[in-house]
Every structure is written in C-alpha cells, then in structure tokens.
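Derivation of every value follows stated rules applied to the coordinates shown; laboratory data play no part. Bear in mind that the values here come from a model prediction, so they are computed numbers and not experimental data. Quick reminder, even Gly has a Cβ in these numbers, built from the backbone with ideal geometry, and neighbours come from all protein chains shown.
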Amino acid sequence: MQEFLSSAMPFLAVALAIIAGLAASWLVRRIVLRLNRKQEALRETSRVARLPLRFALCLIGVRIALAATTNDADWRRTLDHALVIALIASVAWLAIAVLLIIETLVTTRYRVDVADNRRARRLRTQVILARRIGAALIAIVALGIILLTFPAVQALGAGLLASAGLISIVAGLAAQTSLVNVFAGIQLAFTDAIRVDDVVVVQKEWGRIEEITLTYIVVHIWDDRRLILPSTYFTTTPFENWTRRQSEVMGTVEFDLDWRAPVSAMRAELKRVLAGTELWDQRVGILQITDATAGYVRVRILVSAADSAALFDLRCLIREELVLFLQEKHPTALPHFRLESLPAGIVAPDARTPTDPHDSQLFTGSLEAVERSKAFSGPGEDVFEDRDKSIAGQN
C-alpha cells in the first residue's frame, strides 16, 4: 500500500498542480478585470491571454510537483527539459498577448472616428508598429533561449561567437533589401510621415493608409482595391498626404459659360446650396471668374470640407445644383457657338480672290515666307505677248 501511494504521489501532485494553475489563472484574470472594470475593450481582448497564462502557471506547478515528488532520474530530466521548452514558449506567447492587450487599450482610449484625429492616428500607428516589433523580438529571444537549453548548442555558441563578425557581414549583405524596408517602416512610423487612416495620393491613385508593417504599406484605394507598396517607396518617392497636419481640405468646381452668365445670381445660389448641406464646414465658399477668353468665361468655385470624402460629395452637389439652376433659370448662360452670315454680295474683309498670287501654297509656313511671296509677281506682260506671237506664227 505504501509503495502504491509512493508511486501514485507524483500523479496526484501533478493533478493538484494543474488544478492550482487553472485556479490561479482564473483569479489573476478576475483581479485584472476588477481593477480595470471601466475598460470594456479589456474584457474581450484579455481572452487572448487566458490560454497562455493557464499553460504557463500549470507548467510551473507541474515542474514544482515533479521536483518535490520524484528522484533525479534520466526520465525526469528529459521530461523537465520538455517542460522548460514548453514554459518558455508559453511565457513568450503570454508576452505577445500582453502587447496586444496594451495596443487595444491605447487604441480604444484615443478614438479615430472624430473630426480632429491626427494625434490618435499617430499614436495608433506607432503603437501597432511597436507591438509588431516587440512580438518579433520576443519570438526571436524565445527561440534563442530554447536553443540554449540544449548542451550541444551551448558548446557551439563559442564557435558562433568567434565568427559572429563574418556571419553578420554575410547576413547583412544577403538581407540588405529586407533590412532597408524594415528601417524605412520604423522611420515612417516614428517620424510621423504617414499614419494609419491618412489620405494619400500615390501612383496617381487616391486612397487611405490601411496598414503599416515593417516592410510594406497597404493603401486602401477609393474603389476598394488595395495598393501594396514597399516601405522604401514612401521614403524615396514624393507623394501627397492630404491629412498630414489636418483633415480639412479645399477643392474647386469650374464652369466654362457664356459671357451672359449671371454671376450675382450664381453667387446667391451657391450660398443657398452651402447653407442647406452639412458637407460644408463653413470655412471657405467663394465664386470668382478666373478667365475670360476664347468666347467663354470660366467660373471657379472654391469650397472647403472637413475631410476629403465630404469634399468630393460637396463638389458633386454644387456641380449638380448649379447646372440645374442654369438650365432652368438662365439657359442663355450655357455655352454657345456663334456663326455669322453675311448678306449676298458682301465679301468678308479677309476673303481673297482665287487669282490672288499671295494665295499660292508655295509660300507658307512662316511670316518670312509670306513676305517673300509679295516679291514674287510672276511673268510680266511682255512674256505673254511673245507667247501669243509665237502661237500665231505657227498657225
């Protein structure tokens, strides 16, 4: 009976350790949620850390239980080594989950669905990139620690350390392009050049920055396409950022109209349209004639809006309303082509007779050619008389 109890003691200790680990993880989660009960997002996000926390606490308990109830045998050292590897992986998993929780807390505290969200977008970009860098570093460190638990790798470490200089040079040359993109991504995030949800124009495409990673940037194009560019593109190529300092933008609407266009009536109609829409942010709303050539007058309307999406809709609204206004109330303001007919027998001042020697196509192409054509008078009267006499003598 005593032998049975001694043989069963490790299993009972392991079972109790697992139960204690599960209870401890539940208690830790309840305490964290209790202390942060006002954070609604924490309740949902904390679930990602529940499983790695349980694994880590249970593995710690199992190692303690085995060390207290078993002798230092070969099977126990092998099992303990496996438990150490699993514990390192669980702790790394838990650390990455904690980074995700911190990211969620920061991003929910600073909202981006407000008018002035420049600071929130900057923090969101930096936190997301910092979390990704931290997760990559944790994974690399955890892998290195796991490898160092093997005696063969520890013996090999001295040789690797001696040749670290040569290896680093070779690795640097081999991964030069990737490293350049990584450093470019870090530079973009922490120099505030672009942020998540920034409105940009790249490759003649209008869109928003959807995702910033260590090596590439994802731009959400207005028609729901995704343009994926390397991070180095934004550090080496000029691009437009419409929300670099603020989200407010201005835009124009232009009309080519007849000279009889009612400018005063159009200004009054513009004020009416702007006053009746929430798309206008009440900063700028003017109408001017910017050109008057080639038979038309160019009417230019300058308006402003809270962001680029609202500006696009506002410009379309103004264009539709003023076109309808001119069609219904001022049709004479629409563009016209004028043709002038002359009474019979009246020749236009610039008309020339077909026999005009200056109409010859021989002298064309420049003003100098036209001047030379004036000096060319053709054959004289004596030439025609000699020709007539020779024809009469032959007859």
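Given a Förster distance of 30 Å, report the FRET efficiency between residue 300 and residue 226 from their Cβ-Cβ distance, rounded to the nearest 0.05.
Efficiency, rounded to the nearest 0.05: 0.30.
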Among 325, 337, 11, 239, which comes first, second and so on when ranked by fewest other beta-carbon atoms within 10 Å?
337, 11, 239, 325
Theoretical FRET efficiency, 1/(1+(r/R0)^6), r = Cβ-Cβ of residue 146 and residue 51, R0 22 Å, to 0.05:
0.70
Provide the per-residue ³J(HN,Hα) series for region 193-205, in order, calculated from phi with Karplus coefficients 6.51, -1.76, 1.60 and θ = phi - 60°, each as a whole number of Hz, with x at glycine and proline positions.
5, 9, 9, 4, 6, 5, 8, 10, 10, 10, 6, 6, 10
Two-site FRET efficiency, residue 206 against residue 186, from Cβ-Cβ distance with R₀ of 30 Å, rounded to 0.05
0.70
Taking 0.36 nm per residue of separation between residue 259 and residue 216 and subtracting their Cα-Cα distance, the length gained on full extension comes to 10.2 nm
Consider all pairwise Cα distances in region 249-333 and report the whole-number % of them above 19 Å.
34 percent
On full extension of the chain, what length is gained from residue 336 through residue 133, given 0.36 nm per residue of separation minus the C-alpha to C-alpha distance?
66.7 nm
